[in-house]
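Notes for the one structure printed next.
Each value in this text was obtained by applying a stated rule to the coordinates, not by laboratory testing. Computed from a prediction, not measured in an experiment: that's the story for all the values here. As a convention, Cβ positions derive from the backbone with ideal geometry for all residues, glycine included, and neighbour counts pool all protein chains shown.
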Amino acid sequence: MTIADPVDIGTRERFSSEGWLAWLARRSEAVVIPVLALLAGLAVFGVFLMLVGKSPADFYGLVFQAAYGSSFSWQNTLSRTGPLLFAALCVALPAKLGLVVIGGEGAIVLGGVAAGALAAALASWPGAIAIPVLGLAASFVGAVWIGAIGWLRYARGVNETIASLLTAYIAIALMNHLVEGPFRDPASLNKPSTAPLAEHLRVGNIPGWDVHWGLAVGVVVCILSWLLIDRTTWGFAARIAGGNVRAAEVQGLPVGRLIISFTALGGAFAGLAGMFEVTAVHGSANASLAAGYGYTGILIAFLARQNPLAIIPVAILLAGFEASSGLIQRRMDLPDATVLVLQGFVFVAILLSESLYGRFKIFAPERWRAG
Amino acid sequence: MKSVSSTKGAIGVETLHMTMRFGAFTALDDVSVRIEPGSFHALLGENGAGKSTLVKCIMGFYHATSGEMLIDGHEAKVPDPRAAHALGLGMVYQHFTLVPSLTAAENLVISREDAPAVIDWRKESARLEDFMTRMPFRVPLDRPVRALAAGEKQKLEILKQLYLGRRFLILDEPTSVLTPDEADEVLGHVRGLCEAGAITVLMISHKFREVEAYADEVTVLRRGKLVGQGPVADLSRAEMARMMMGDAKLAEPAPRAGIPGPIILSAMGVRAKDRSGLKEIALERLEVRGGEIVGLAGISGNGQVELMELLTGQRPHYAGSIEVKGAPFEATRSEARVLGVRYLPEEPLHNACAPRMSVVENIGFRTFDLNGSGSRFWLKPGDMRRRAGELVEAFRVKTASLDSPISSLSGGNVQRAVLARELTGAVDLLIVANPCFGLDFTAVAEIRARIMSARNGGAAVLLISEDLDEIMELADRVLVMSEGAISYDRPVGEVAIGEIGQRMAGHH
């Protein structure tokens, strides 16, 4: 038998592409809400400043001047942006699968140690080969570190947020053990470090800039991550699993493999951040690796709504805050931790704003006609 | 048996022409029930029959659209659950509402509305001991609730209601998390309290055995209407089953074409744990041929969800085999693709869609990585969109736009979108669970027609449904699932409805 038209359902709706207004409205939610949350966080921090007797106008003026006011301040900001890009990706990629991984700091630190320790063995290699090998080694260590968190989550149901946070502390302790013990350069007296890198293994600056190559690689990696998530079938499968893991399982998607590969990829990027810190900034692996980039990366990823492209401008913004902390300390007589307080206010505002999504009709064209 | 209280005793509740509408949907239609003081009254009905709606109206969670209620013989208005509590009405839920880390005594005291800000535990303990001596059964008061067995917890839930001075108790499937022995013990005590005149009980149940053993009277609802009422002693199990399922005019089998082909799905000797981990799912033999619809009837919670999980690769089995077209089947994406296996899980928005992804993306779940017969790495958003547009048109999915999140669609349209995705392409095996649950008439007719057309096209269809009408209308063969096993297998023409009812109720 044929079953044409079992029931007449009346007027049929036709589909053309959505108008540009609807297109814009649908996409602007992910921009407008975080921006408003950011402004709200800055405003509340302004009240905090007034309570401690400082002028918010002076403060934000100084931040702008210190972060973006001159070519020197831009370079200062951008050289802090590189590691933040990697650290934010370590949060954003697992987030596509619905995982909140906040322990990127551990992968950064161990990636740095791996690069610092391996560099001593590769001192005789030409830089063009040795540096990529250092990058691969650091990525590998980071991938194993964070990928293990993904595996624990999938195979054993261990909460990835807690696990990644706690393993970050283990990673830092492990780094201290390694740079003070087996990998210590006997010549490093005050600050235990691995042996200084040979000059040809140091990563230099982007030509014409006073910013090392980490920034360029970070930007490229952000763009590649966006392509992976938005334009490849792997990214699409990950978004299905992140959107509803039951639906993904019914579709036969390899949920476990997706979770492990996305966490491992995030970890690899964080490891790479550690490698650039060692090869381009510190020149050896030591306790300076635990600079908190991994934690600032969490804030960036959330502000960027886990979108790798949005991570780039947001990382520049947050790097600017960090770059200005020295000037604020000197000129406003505020403690070093002030920028952390600011970040905390912004983060709370972002978390609160999570509850606003889907609340506003203006962003949902299908509800416009309902009046 | 001692009376719980001399001054307070059981109270009766009566609803008069109670009707509850949600929009155009009538959940409860002119239902009048009289529950005598001190009686043990059972409320029977399939899922969606209106049992929960009725008790929620009594407890003040819902406000009935029309109708009245008498409590203890007086007309009463119950604006909210707090008011119901004040009138002596209480409810014990299917799942425990105790705080696991606190002791039984602590749970009892904090449940009081007048619990003081600073609790004098010595005084409270003395009062509790005194209270317990007046109770027909006890639970250990000083151990954390998490250390108690399920039966003890349920007894504590009931004690809590008595402690709070409730005189009319609604029990919502109180034994669903208990073993049969625990269930008998708890219900025996409840029955004792009724006989002593301490409480009146209205129990929602699926289990005929418990209704027959403990209840005095029974009320049966079906599709929001009262379809049967009377003393339990006067009703046979078959009669109750018939009332629940409505023998009046069971749907006629829908017209169909073709004859069954070779076996497509076969599950033999499959053993797996159920959701609670306590019981076993045991499928001796389940076979579905091409060109036939096998309807699997059963009351919810008898292993249907687990069966769906087994067939979608979400639940491991430790014995037996599941095969599709003779090949072992673990429900990987490539197996499902090669063998043409498709699914319509129940509640499609929660089990088959990513709610915040768009209609285009959700319709693309089956094919986004497909490139001819091979796979692809780069998405093709243009193709995906075009295809989704065509399917939305062909399956008449009503959506404001292709880019709308699928969660903004109505239930019927979500199901149409999922059907569009699952029924397009080569379908050799279609596994469906409660496809029409909660949908309006038009969507139901259309979706059933689509399933029938897949069958006529040669697909093997396994239809897991709690709606017997749906099974009688669509199935070629009827199976019954009860307590994790399949216990009945007849062509639809030879089905005896009373027998199905007994099988569903757990009579083998």
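Only one residue of A:Leu36, A:Asn205, B:Leu278 has its Cα farthest out toward the positive end of the dipole of the protein assembly as shown, where Lys and Arg carry +1 and Asp and Glu -1 on Cβ, and that residue is A:Asn205.
Across q = 0.25 Å⁻¹, the stretch A:68-120 modelled as identical point scatterers on its alpha-carbon atoms has Debye log10 I(q)/I(0) values of -0.91, in the order of the q list.
Here the residues B:His17, A:His282, ranked from fewest to most Cβ neighbours within 10 Å of their Cβ, fall in the order B:His17, A:His282. Quick check on the stretch A:108-199: take the gyration tensor over C-alpha atoms, sort the square-rooted eigenvalues as a ≥ b ≥ c, and tell me if it's rounded (a/c under 1.5), prolate or oblate. Here the stretch A:108-199 falls in the oblate category.
Its Cα centre serving as origin, the protein assembly as shown has a Cβ charge dipole (Lys and Arg +1, Asp and Glu -1) of approximately 1760 debye.
Counting only residues at least eight positions apart within a chain, or on another chain, the aspartates and glutamates with an alpha carbon under 18 Å from that of A:Lys361 are A:Glu18, A:Glu29, B:Asp403. In summary, the helical segments of chain A meeting the span-like criteria, namely a full DSSP H run, a Cα extent along the axis of 20 angstrom or more and a mean Kyte-Doolittle hydropathy of at least -0.5, are A:20-51, A:71-95, A:104-121, A:127-156, A:160-180, A:214-231, A:255-276, A:308-323, A:338-353.
Look at A:His177, B:His85 and count the other Cβ atoms within 10 Å of each Cβ; fewest to most, that gives A:His177, B:His85. Using only Cα coordinates, the Kirkwood hydrodynamic radius of the stretch A:80-320 works out to 17.7 Å. Straight-line reach from B:Lys160: taking Cα to Cα under 26 Å and skipping same-chain neighbours fewer than 8 places apart, the lysines in range are B:Lys2, B:Lys8, B:Lys51, B:Lys56, B:Lys77, B:Lys123, B:Lys207. Estimated purely from DSSP H runs of n ≥ 4, each contributing -39500 (n - 2.57), the mean residue ellipticity at 222 nm for chain B is -9500 deg cm²/dmol once divided by its residues. By the equivalent-ellipsoid construction on the alpha carbon gyration tensor, chain B comes out with semi-axes of 46, 25, 24 Å, ordered largest to smallest. Just to be sure I follow: if Rg is taken over the C-alpha atoms of the stretch B:199-356 and Rh is the Kirkwood radius over the same atoms, what is Rg/Rh? Taking Rh as the inverse mean 1/r over Cα pairs, Rg/Rh reads 1.05. Pairwise Cα distances in the stretch A:93-147 exceed 16 Å in 47 percent of cases.
Computed on chain A, with alpha-carbon pairs under 8 angstrom and 6+ residues apart, the relative contact order is 34 percent. Note on the protein assembly as shown: dipole from Cβ charges, positive end direction compared against A:Ala117, B:Gly303, A:Phe45; the farthest Cα belongs to A:Ala117.
For the stretch B:163-289, just say rounded, prolate or oblate: build the C-alpha gyration tensor, square-root its eigenvalues into a ≥ b ≥ c, call rounded for a/c under 1.5, and beyond that prolate if a/b exceeds b/c, oblate if not. It is oblate, given that a/c is not under 1.5 and a/b is not larger than b/c. Shape descriptor for the protein assembly as shown: Rg over Rh equals 1.03 (Cα atoms; Rh from the Kirkwood inverse mean 1/r). With bins 10 Å wide beginning at 0, the percent of Cα pairs of the stretch B:13-245 falling in each bin runs 8, 32, 35, 19, 6, 0.
For chain B, relative contact order (Cα pairs under 8 Å, six or more residues apart, normalised by length) works out to 16 percent.
Using the alpha carbons alone, the radius of gyration of the stretch B:1-119 stands to its Kirkwood radius in an Rg to Rh ratio of 1.01.
Overall, the anisotropy analysis places the stretch B:406-459 in the prolate class: the square-rooted eigenvalues a ≥ b ≥ c of its C-alpha gyration tensor yield a/c not less than 1.5, with a/b exceeding b/c.
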